[in-house]
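Accompanying notes for the structure given below.
Computed from the coordinates by the stated procedures, all read-outs in this text should not be read as laboratory data. Because the structure is a prediction, the values reported are computed rather than measured. Here Cβ is always computed from backbone atoms with ideal geometry, including for glycine, and neighbour counts include all displayed protein chains.
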Amino acid sequence: MTSTTIAVIGATGKTGRRVADLLEERGRDVRRLSRGTTPAFDWDRPEAWRQALDGIDRLYAAYVPDLATPEAAAAITRLTEIAGDAGVRHIVLLSGRGEDGARRSEDIVLASGIPATVVRASWFMQNFTEGMLRDSVLTGVLAVPAGGMREPFIDIDDIAEVAVEALTGTGHEGRVHEVTGPQSLTFTEVAALLSEIHGREVQYVPVSFDEFHAAVAATEGPEVATMLTELCREVFDGRNESPTSGVLEALGRPPRDARTVLTEAARVGAWAA
Ligand SMILES: NC(=O)c1ccc[n+]([C@@H]2O[C@H](COP(=O)([O-])OP(=O)(O)OC[C@H]3O[C@@H](n4cnc5c(N)ncnc54)[C@H](OP(=O)(O)O)[C@@H]3O)[C@@H](O)[C@H]2O)c1
């Protein structure tokens, strides 16, 4: 019998958890994969990937730390080869908007011979509620090297829904869904919105790339600092400022806006101790 199991790589993460939950809500058989699952999937242990993908029909992949890193293209190449051997019939790859490095991995999956879809997303709204900027909201200072740039922050529930549609619907093979939220906001505007919704002042402090690098290096180490700084340098040059119609085109409904998403996150205790 043909397998109908859908594997989710990064299933304990922000997008993967939502993709897996949504697939199960819709009655799909899901294999959640991360370093702690059985079978396990570790991006640093390709020798175990074949076993993790055995009997899988379709695959969602969120690469960590980021597709823009130099190691990503080789890992994605290897993944497509092993997925092909395992008989995987569709890959959905999460990518970052405006990242030249990520384009290499996008091209690799799209040319792999396995039907593939790229979900190319803007900055997540949930960076402020469960991601790398949650602590900054709690301390009241968003120190980001974004200057006065605008970003059309996206709700990752929308990303998950687009990914699930790509995995289970028709007509998504070979397509890139470039998805963003409905409106572009400056970090000053986001800080004002966060202050209002959180009920405590949150300030945007535009820092230089060097200042940002030093601050991240102090807590996350120099490698992560360099990766994030280069990413910021790339995506905050104006290329990503305009919203797209990607969510509307994929789902037939507009994306959720920042006020709605952040209000709901606050209601369920995103910034509770
Ligand atoms: N943040 C943004 O604004 C943004 C925007 C666009 C695109 N993206 C892309 O989003 C992707 C990250 O997705 P996400 O935010 O859903 O993930 P995430 O929340 O960062 O979670 C990472 C997931 O990967 C797993 N993981 C960590 N290290 C791993 C390893 N060495 N091998 C295998 N699994 C590992 C984690 O589980 P365990 O620790 O349990 O293994 C977890 O399930 C990145 O490729 C990034 O470029 C992010």
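Rounded to the nearest 0.05, what FRET efficiency do Asp54 and Thr260 have when you use their Cβ-Cβ distance and R0 = 41 Å? Working shown, then result.
Details: r = 41 Å, r/R0 = 0.99.
Here the calculated transfer efficiency is 0.50.
Helix 187-198 versus the longest principal axis of the chain: what angle, 0 to 90°, nearest 10, using Cα atoms?
Taking the Cα atoms of the chain, the angle to 187-198 is about 90 degrees.
Compute the distance in nm between two label points, each set 7 Å from the Cα along the Cα-to-Cβ direction, one at Thr38 and one at Glu130.
It is 2.6 nm.
Okay, which of the range 153-184 sit inside 15 Å, backbone N to the point 7 Å along the Cα-Cβ direction of Thr77?
Those under the cut-off are none; the list is empty.
Need the C-alpha centroid separation for the range 1-74 versus the range 142-199, integer Å.
22 Å
Is the shape of the range 1-44 rounded, prolate or oblate, going by the alpha carbon gyration tensor and its root eigenvalues a ≥ b ≥ c, with a/c under 1.5 for rounded and a/b larger than b/c for prolate? Numbers along the way, then the final one.
Details: a/c = 2.73, a/b = 1.30, b/c = 2.11.
It comes out oblate by the Cα gyration axes.
Along the Cα→Cβ direction, 7 angstrom out, place labels at Ala273 and Thr4. What is the inter-label distance in nm?
Calculated label separation equals 4.8 nm.
Determine the equivalent ellipsoid of the chain by diagonalising the alpha-carbon gyration tensor, then write out the semi-axes as square roots of 5 times the eigenvalues, largest first, rounded to whole Å.
31, 20, 18
With angles folded into 0 to 90 degrees, how steeply does helix 258-267 sit against the dominant principal axis of the chain? Use alpha carbons for both and round to 10.
90 degrees
With everything on Cα atoms, drop me the angle between helix 72-86 and the longest principal axis of the chain, reported from 0 to 90° to the nearest 10.
For helix 72-86, the angle is close to 30 degrees.
Pop the C-beta distance of Glu223 and Glu24 into the FRET formula with R0 = 35 Å and round what comes out to the nearest 0.05.
The pair Glu223/Glu24 has a calculated efficiency of 0.50.
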